[in-house]
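J.: Take this structure, written in structure tokens, and hold onto it; I'll ask about it next.
The values are calculated or read from the model by the stated rules, or taken from the named source; none is laboratory data. Since the model is a prediction, treat every value here as computed from it, not as a measurement. Neighbour counts are summed over all protein chains in view; Cβ atoms, including those assigned to glycine, are modelled from backbone coordinates with ideal geometry. All accessible areas refer to the heavy atoms of the entire protein, side chains included, with ligands and DNA or RNA removed. Shrake-Rupley method; radii C 1.70, N 1.55, O 1.52, S 1.80 Å.
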Amino acid sequence: MFAMILLTGATGYIGSHTWVELLNAGHEVIGIDNLCNSSEKLLARVESITNIKPNFIRGDIRNIDVLRKIFQSHNIDCVVHFAALKAVGESVEKPLEYYDNNINGLLQLLRTCNEFSCENFVFSSSATVYHTENNPPYFENMALGPVNPYGWTKMMSEQILRNFEVASLSTRVAYLRYFNPVGAHASGLIGENPLGAPNNLMPYIAQVAVGRRELLSIYGGDWPTVDGTGVRDYIHVVDLAKGHMAAIDYLTQQKKSLTVNLGTGVGTSVLQLVHAFEIASKKKIPYEIVSRRVGDIAVSYANTDLAKKLMGWSAHMGVDQMCQDVWRWQSNNPSGY
Ligand code: NAD
Ligand code: UDP
């Protein structure tokens, strides 16, 4: 077990669920977030789930003085790095902001890790790093080739970390490539809370179900898939959070780096997800099929053997559970936090 874990992007969607799991497992955690895509109200929710007051600093990871202060006053020996901008479409419109936030933020963190000899790093990578010409399922050793600035920031971050590992010798990194995180904590107290119109499918469906949006646009009904709609590998966010715990255990015990997919290995189409959500929520989800979204691919899902082999971790929850948990969160919190 580490002395103290620094969680960046701690009040965000995946960060908050991971925070809960880490605290419940007895880890000491300090969270940092600049709240550009999250709310401080989350902190009270984490406390009511865990009975532990979360240790939180509001700050930007690009500010090295803020990072130094944290490392000076806490014995941080592991960083779990979630803080990033993540909207694909926005990254095409604002590439410089994405490179500045995601790359510069990583550089300041690594400089600080170097200064304070923090040797363990868990990085939020993404399935978007895989070249779209690979045939799913995606294996970790397949060709990489992102198609948008967001994806490039993830691939470049992986590369920066790999170079840093070579130079610093004692640094170990868990490169975790997430597929499609959805779901919410079983308490219904925390969940995904997009600001503005959701870009992703699950939060959009949930907002239609709760009456915040009129109808779902399905991007394409003529993909070469089971029912013509896009197929993705949806993974429950709590399973994903547990994948981080498994990665932390691996770094502590094996003292080696690893690169693994975090997915379920199961593909689900848009229409299959809509129907599962209708059953979970007992609501009709009106939808229309519109033209394909630029940059979309037909099918993406993971091969998950390596995560199982190296970390003994696999996802347990299926799409029905994901929908039930999202519905509990969304119906209890129709306007978010
Ligand atoms: P999120 O937006 O909910 O959380 C990210 C958090 O980081 C937010 O709370 C935001 O305020 C914070 N943040 C951003 N820039 C910051 C900065 N410079 N300084 C301090 N805080 C900053 O996103 P999420 O879904 O929880 O994603 C977490 C990580 O996982 C991201 O790195 C994302 O790229 C990666 N990821 C997400 C998905 C997904 O579909 N959700 C898939 C693959 C990878
Ligand atoms: N999708 C959709 N309508 C939406 C949002 C997404 O039909 O409002 C589809 C999208 O085309 C893809 C799937 O749902 O086939 C998952 O999209 P999401 O943006 O959630 O994840 P990603 O495409 O980044 O894997």
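J.: May I ask you to list the residues in the range 10-32 that are open to solvent by 10 Å² or more (accessible area, probe 1.4 Å) and within 13 Å of ligand 1 (Cβ to nearest atom)?
T.: 12, 13, 14
J.: Here's something else I'd like to know. I need the full set of residues from the range 101-125 which are among the polar types (S, T, N, Q), near ligand 1 (Cβ under 7 Å from one of its atoms) and in a helix (DSSP H, G or I), in order please.
T.: So the first thing to find is which residues in the range 101-125 are among the polar types (S, T, N, Q), and the list is 101-102, 104, 108, 112, 114, 117, 120, 124-125.
Among the residues that remain, those that are also near ligand 1 (Cβ under 7 Å from one of its atoms) are: 101, 124-125.
Scanning the range 101-125 gives a single hit, 101.
J.: Between 136, 95, which is closer than 18 Å to residue 296 by Cα and in contact (Cβ under 8 Å) with a residue 40 or more places away in the chain?
T.: Of the residues listed, the single one that is closer than 18 Å to residue 296 by Cα and in contact (Cβ under 8 Å) with a residue 40 or more places away in the chain is 136.
J.: Take the residues in the range 33-58 that are in contact (Cβ under 8 Å) with a residue 60 or more places away in the chain, touching a Leu at 6+ places or on another chain (Cβ under 8 Å) and part of a helix (DSSP H, G or I); name whichever of them is least open to solvent (accessible area, probe 1.4 Å).
T.: 46
J.: I've got another one for you. List the strands (runs of 3 or more DSSP E) inside the range 168-253, counting only whole elements, that have at least 1 residues being more than 16 Å from ligand 1 (Cβ to nearest atom) and of a type in the set (Lys, Arg).
T.: 172-178
J.: Does the range 80-105 hold any residues that are of a type in the set (S, T, N, Q), more than 15 Å from residue 161 (Cα to Cα) and out of contact with any Pro (no Cβ under 9 Å at 6 or more places or on another chain), and which are they?
T.: Within the range 80-105, 101 is the sole residue that qualifies.
J.: For the range 309-329, give me each residue that is more than 19 Å from the chain's Cα centre (by Cα) and either of a type in the set (Lys, Arg) or not in a loop (DSSP other than H, G, I, E, B) (or both).
T.: Of everything in the range 309-329, those that are more than 19 Å from the chain's Cα centre (by Cα) and either of a type in the set (Lys, Arg) or not in a loop (DSSP other than H, G, I, E, B) (or both) turn out to be 309, 310, 320, 324, 327, 328.
J.: Now for a different question. For the range 67-100, give me each residue that is assigned to a helix (DSSP H, G or I), within 22 Å of residue 159 (Cβ to Cβ) and not aliphatic (A, V, I, L, M).
T.: Selection gives 91, 95, 97, 98, 99, 100.
J.: When you scan the range 126-143, do you find a residue that is buried (at least 23 other Cβ atoms within 10 Å of the Cβ), more than 11 Å from ligand 1 (Cβ to nearest atom) and within 17 Å of the chain's Cα centre (by Cα), even just one?
T.: Within the range 126-143, one or more residues are buried (at least 23 other Cβ atoms within 10 Å of the Cβ), more than 11 Å from ligand 1 (Cβ to nearest atom) and within 17 Å of the chain's Cα centre (by Cα).
J.: Quick one: which of 188, 196 is of a type in the set (Gly, Ala, Ser) and modelled with pLDDT of 95 or more?
T.: 188
J.: Under the condition of being open to solvent by 90 Å² or more (accessible area, probe 1.4 Å) and touching a helix residue (DSSP H, G or I) at 6+ places or on another chain (Cβ under 7 Å), which residue from the range 284-308 is farthest from residue 322 (Cα to Cα)?
T.: 287
J.: Pull up the range 239-253, narrow it to residues that are surrounded by fewer than 18 Cβ atoms within 10 Å (Cβ to Cβ) and in contact (Cβ under 8 Å) with a residue 40 or more places away in the chain, then point me to the one that is nearest to residue 311 (Cα to Cα).
T.: Filtering the range 239-253 for residues that are surrounded by fewer than 18 Cβ atoms within 10 Å (Cβ to Cβ) and in contact (Cβ under 8 Å) with a residue 40 or more places away in the chain, the one nearest to residue 311 (Cα to Cα) comes out as 249.
J.: I would also like to ask the following. In the range 254-266, what residues are within 16 Å of ligand 2 (Cβ to nearest atom) and either in a strand (DSSP E or B) or surrounded by 23 or more Cβ atoms within 10 Å (Cβ to Cβ) (or both)?
T.: 261, 262, 263, 264 - these are the residues of the range 254-266 that are within 16 Å of ligand 2 (Cβ to nearest atom) and either in a strand (DSSP E or B) or surrounded by 23 or more Cβ atoms within 10 Å (Cβ to Cβ) (or both).
J.: Would you check if there is a residue in the range 91-100 being among the hydroxyl-bearing types (Ser, Thr, Tyr) and open to solvent by 60 Å² or more (accessible area, probe 1.4 Å)? Spell out how you get there, then give the answer.
T.: Our first condition is that a residue be among the hydroxyl-bearing types (Ser, Thr, Tyr); within the range 91-100, this holds for 91, 98-99.
Applying the additional criterion that residues be open to solvent by 60 Å² or more (accessible area, probe 1.4 Å) yields 99.
The answer is yes; a qualifying residue exists.
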